[in-house]
Amino acid sequence: MPFDVVQADDLQWEMREAPEGRPPRHQAQLTDPAKLTQSRARMWRYPANARGRRHIDPDQEEVFVPLRGTLTILLEEPPQRVDVAPGGLVAVHPGTPMQVRNETDEEILFFAYGAPPVHGNSSFIDDVADAPPPA
């Protein structure tokens, strides 16, 4: 079949670890249900004030698209804050220090897509306690 469809009702949400003292995040893996072979994809739900782990991925180009709520990403070193509203996107190129965050009081939902489908090579780096003001 030349295409695959994954409906929102079919997503299987799993809890993911969060930095100490932060609420857990939830992700729904899309790579296998969509039968992706050249890339990886996930949907993410971050509750209010949640954040992912700060890291550097040496291999993967990643694209983040907020669907509900404002997504905050800290990029580079020292970190620069980028806020993206629903419908926008951020493309993070390999080797860029980054951290995805929800700096709001509402849950956010976003789509994350990366290629090539390499994973497990990220280096985790020190968390940033307070996000700088938006750029």
Checklist entry - Residues with amide H under 5 Å of Arg54's amide H, sequence separation 5 or more or different chain, H placed in the peptide plane at 1.01 Å from N; which? => result Ile125
Checklist outcome for this item: For region 1-75, dividing by residue count, accessible area per residue (probe 1.4 Å) in Å² works out to 57
Checklist entry - Over the chain, what percent of the accessible surface lies on carbon and sulfur atoms, probe 1.4 Å? => result 51
Checklist entry - Which of Phe3, Trp13, Gly87 sits closest to the plus end of the dipole of the chain, meaning its Cα is farthest towards the positive end, when Lys and Arg get +1 and Asp and Glu get -1 on the C-beta? => result Phe3
Next on the checklist: I need the phi-derived Karplus couplings for region 69-85: 6.51 cos²θ - 1.76 cosθ + 1.60, θ = phi - 60°, integer Hz, Gly and Pro marked x.
Outcome noted: x, 8, 8, 10, 10, 8, 10, 6, 9, x, x, 10, 8, 10, 9, 10, 7
Checklist entry - Simple spin-label model, 7 Å along Cα-to-Cβ: Leu89 to Val65 in nm? => result 0.6
Checklist entry - Any idea what the dipole of the chain comes to, in debye rounded to 20, about its Cα centre with Lys/Arg Cβ at +1 and Asp/Glu Cβ at -1? => result 120
Checklist entry - Roughly how many debye, to the nearest 20, is the charge dipole of region 63-126 about its Cα centre, given +1 on each Lys and Arg Cβ, -1 on each Asp and Glu Cβ, and no other charges? => result 240
Item to check | Under-5 Å amide H pairs with Thr104, H placed in peptide plane, nonlocal only | outcome: Asn49
Checklist outcome for this item: Under the Karplus relation with 6.51, -1.76 and 1.60 and θ = phi - 60°, whole-Hz ³J(HN,Hα) for region 110-115, x at Gly and Pro, equal 8, 9, 10, 10, x, 8
Checklist entry - Which residue fluctuates the most in the chain, going by a Gaussian network model with Cα springs under 10 Å, if the choices are Gly87, Gly69, Gly95? => result Gly87
Item to check | GNM top mover of Ala91, Ala50, Ala28 - the chain, alpha-carbon springs below 10 Å | outcome: Ala91
Item to check | Residue among His55, Pro132, His119 farthest towards the positive dipole end of region 52-135, charges placed on Cβ | outcome: His119
Checklist entry - In a GNM of the chain with a 10 Å cut-off on Cα contacts, which of Met43, Met15, Met98 has the highest mean-square fluctuation? => result Met15
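The values are calculated or read from the model by the stated rules, or taken from the named source; none is laboratory data. Just so it is clear, the structure is predicted and the values come from calculations on it, not from any experiment. Cβ coordinates were reconstructed from backbone atoms using ideal geometry, including for glycine residues, and neighbour counts include every protein chain displayed. The accessibility values were calculated without ligands, DNA or RNA, using every heavy atom of the protein model including side chains. Shrake-Rupley method; radii C 1.70, N 1.55, O 1.52, S 1.80 Å.
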